[in-house]
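Let me begin by presenting the structure, written as structure tokens, before commenting on it.
The values are calculated or read from the model by the stated rules, or taken from the named source; none is laboratory data. Since the structure is predicted, the reported quantities are computational estimates derived from the model, not experimental observations. All Cβ positions, even for glycine, are placed from backbone atoms using ideal geometry, and neighbour counts span all protein chains on display. Heads up: the accessible areas ignore ligands, DNA and RNA and are worked out on the full protein's heavy atoms, side chains in. Shrake-Rupley method; radii C 1.70, N 1.55, O 1.52, S 1.80 Å.
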Amino acid sequence: MKNHIKTDYDLIIAGAGPAGLTASIYAGRAGLNVLILEKEAPGGKVIKTGEIENYPGFTMINGPDLAMKFYEQAMAMGANLEYSGLKEFKKDEVFYVSLENGKEVTSKALIIATGTKENLLGVPGEIELYGKGVSYCAVCDGSFYKEMPVAVVGGGYSAVEEAIFLTRFASKVYLVHRRQDFRVDHKTLNKAKNNEKIEFILDTVVEKINGSNKVESIDIKNTNDNSTQNIKVDAIFPFIGQYPITHFIKQAEILNDEKHIKADENMKTAIEGLFTAGDVRNTPFRQIATAVADGALAGQNAVTYIENLE
């Protein structure tokens, strides 16, 4: 069905991470009027990443620098940026989008690239001491702990890479992981194992974060023999996975059981004109390179969809 209803924008993109910014670049090159929604800083989790060695074109680049390159290119292509989250949307002839800042806007197509949010440990002291030694961003806060002992929790890429990054500042980095096996490539893992500042504490979970006005220590428990230990640290950085940011979606048919957005290989969802990209979708691998690929597909297919409405 052809659509001739005038809208505020041709395309709205929710999320200014690698996926959303890449989608805006493709849409901008096609001459679309694009609005990007982002409630935090553009760049997504890339901003919170230290050294990046697995993104093509760069032997090594700092996350914030790569995020800025994405952002600058998107802006150069004419994208508009609104510092607000997506509250809800509905699809009629066009998309009616409500923003968290109270604004209402319309578009011909919508791309959801809202990414994921870090999981919490769920232990006493975590909420109370957030910002006082509990941090989910080593790049943001690592420099505050020069010559101090810190702990990192997790066994994936984020945990291992951020543990390595923290050795720039910390006197000691305890890497606490509930298993023996890590979900990371051998090169990165060996780099951590060969770093004399990193001490691996495996088969272990954090039970409590201690401190009055700041983090002073953590209580940990070995899952094999249930023995406990108190470790003096000035900060703890949990990296134990993420959950998709899809709480604003009322259309349950486009979500899977884990609340990720379902899409085909062209980033199309079950709702016509709605696309998704990046970590928020049902993808088996969540990396900057895959998010960028998703964004390219979502952006170009949104362009094609809109052109076919004319």
Given the conditions (1) open to solvent by 30 Å² or more (accessible area, probe 1.4 Å); (2) part of a loop (DSSP other than H, G, I, E, B); (3) more than 30 Å from residue 194 (Cβ to Cβ), report the number of the one that residue 96 does not fulfil. (2)
Members of region 245-269 found to be part of a loop (DSSP other than H, G, I, E, B), touching a Lys or Arg at 6+ places or on another chain (Cβ under 9 Å) and over 18 Å from residue 97 (Cα atoms), listed by number: 256, 260, 262, 263, 267
If you check residue 256 against the conditions, is it out of contact with any helix residue (DSSP H, G or I) (no Cβ under 7 Å at 6 or more places or on another chain), open to solvent by 30 Å² or more (accessible area, probe 1.4 Å) and within 24 Å of residue 15 (Cα to Cα)? yes
Only one of (1) hydrophobic (A, V, I, L, M, F, W, C); (2) in a helix (DSSP H, G or I); (3) modelled with pLDDT of 95 or more does not apply to residue 36, and that is (2)
Those residues of region 99-126 which are under 22 Å from the mean Cα position of the chain (by Cα), within 30 Å of residue 82 (Cβ to Cβ) and of a type in the set (A, V, I, L, M, F, W, C), in sequence order: 99, 110, 111, 112, 113, 120
When you scan region 105-126, do you find a residue that is touching an Asp or Glu at 6+ places or on another chain (Cβ under 8 Å) and of a type in the set (D, E, K, R), even just one? yes
Of all residues in region 27-54, which are within 15 Å of residue 280 (Cβ to Cβ), basic (Lys, Arg) and surrounded by fewer than 18 Cβ atoms within 10 Å (Cβ to Cβ)? 39
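Would you check which residues across region 184-242 are in a loop (DSSP other than H, G, I, E, B) and of a type in the set (A, V, I, L, M, F, W, C) and list them? Step through it out loud before you land on a result.
Filtering region 184-242 for residues in a loop (DSSP other than H, G, I, E, B) gives 184-185, 194-197, 202-203, 211-216, 223-227, 233-234, 239-241.
Listed by number, the residues that qualify are 184, 202, 215, 233, 239, 240.
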Restricting the first residue to region 289-310 and requiring it to be closer than 25 Å to residue 6 by Cα, which pairs with a second residue that is of a type in the set (Ser, Thr, Tyr) meet a Cβ separation below 7 Å and a spacing of at least six or different chains? 298/276; 299/22; 299/24; 299/26; 300/26; 303/26
Within region 91-141, count every residue that is more than 30 Å from residue 251 (Cβ to Cβ) and of a type in the set (A, V, I, L, M). 7
Name the strands (runs of 3 or more DSSP E) wholly within region 102-167 that hold at least 1 residues that are of a type in the set (Ser, Thr, Tyr) and in contact with a strand residue (DSSP E or B) (Cβ under 9 Å, 6 or more places away or on another chain)? 104-112, 116-118
Would you please list the contacts, defined by Cβ atoms under 6 Å and residues six or more apart or on different chains, that run from a residue in region 118-144 that is free of Cβ contacts under 8 Å to residues at least 24 places away in the same chain to a residue that is assigned to a loop (DSSP other than H, G, I, E, B) and among the hydrophobic types (A, V, I, L, M, F, W, C)? none
Unique residue being among the basic types (Lys, Arg), open to solvent by 40 Å² or more (accessible area, probe 1.4 Å) and more than 21 Å from residue 120 (Cα to Cα) when the list is 221, 214, 187, 232: 187
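From the set of residues in region 121-158 that are aliphatic (A, V, I, L, M) and over 18 Å from residue 221 (Cβ atoms), which is surrounded by the fewest Cβ atoms within 10 Å (Cβ to Cβ)? Steps first, please.
Here is the first cut: in region 121-158, the residues aliphatic (A, V, I, L, M) are 121, 123, 127, 129, 134, 138-139, 148, 150-153.
Next, only the ones that are over 18 Å from residue 221 (Cβ atoms) stay: 127, 129, 134, 138-139, 148, 150.
On the way: 127: 12, 129: 21, 134: 22, 138: 29, 139: 19, 148: 15, 150: 26.
Going through the qualifying residues, I end up with 127.
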So which residues in region 1-15 are touching a Lys or Arg at 6+ places or on another chain (Cβ under 9 Å) and assigned to a loop (DSSP other than H, G, I, E, B)? 3, 5, 7
